[in-house]
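Here's the structure, in structure tokens; my notes come after.
The values are calculated or read from the model by the stated rules, or taken from the named source; none is laboratory data. These numbers were taken from a predicted model, which means no experiment stands behind them. Please note: Cβ atoms are built from the backbone with ideal geometry, for glycine as well, and neighbour counts cover all protein chains shown.
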Amino acid sequence: LAGLSFIGLGLVGFAISGIFLENVIEGYGELGELVSGGLLPLIYIAIGAKVGAEMSGLVDRMRGDAV
């Protein structure tokens, strides 16, 4: 799901501006406010979820049947 959300955000940018992963809502808000980053915070959340899922899978495989 994390990888699909990353692709979905890229397609949203492509549909609106014609560029994959374009920061389409840039310019809203002021610097330092919560909503001033456009799609970038959502993209970083999707990447973090994907990395976390992969790391938990690696740890689970390394633990094996030791528990």
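When GLY52, GLY3 are checked against the criterion of being part of a helix (DSSP H, G or I), exposed (fewer than 13 other Cβ atoms within 10 Å of the Cβ) and either among the small types (Gly, Ala, Ser) or at pLDDT below 80 (or both), GLY52 stands alone in meeting it. Return yes or no: is GLY32 in contact with a Lys or Arg (Cβ under 6 Å, 6 or more places away or on another chain) and at pLDDT below 85? No: the conditions fail for GLY32. The residue pairs whose first member lies in the stretch 36-59 and is farther than 13 Å from GLY10 by Cα, whose second member is in a helix (DSSP H, G or I), and whose beta carbons are closer than 6 Å, counting only pairs six or more residues apart or on different chains, are ALA49/ALA2; LYS50/ALA2; LYS50/GLY3; ALA53/ALA2.
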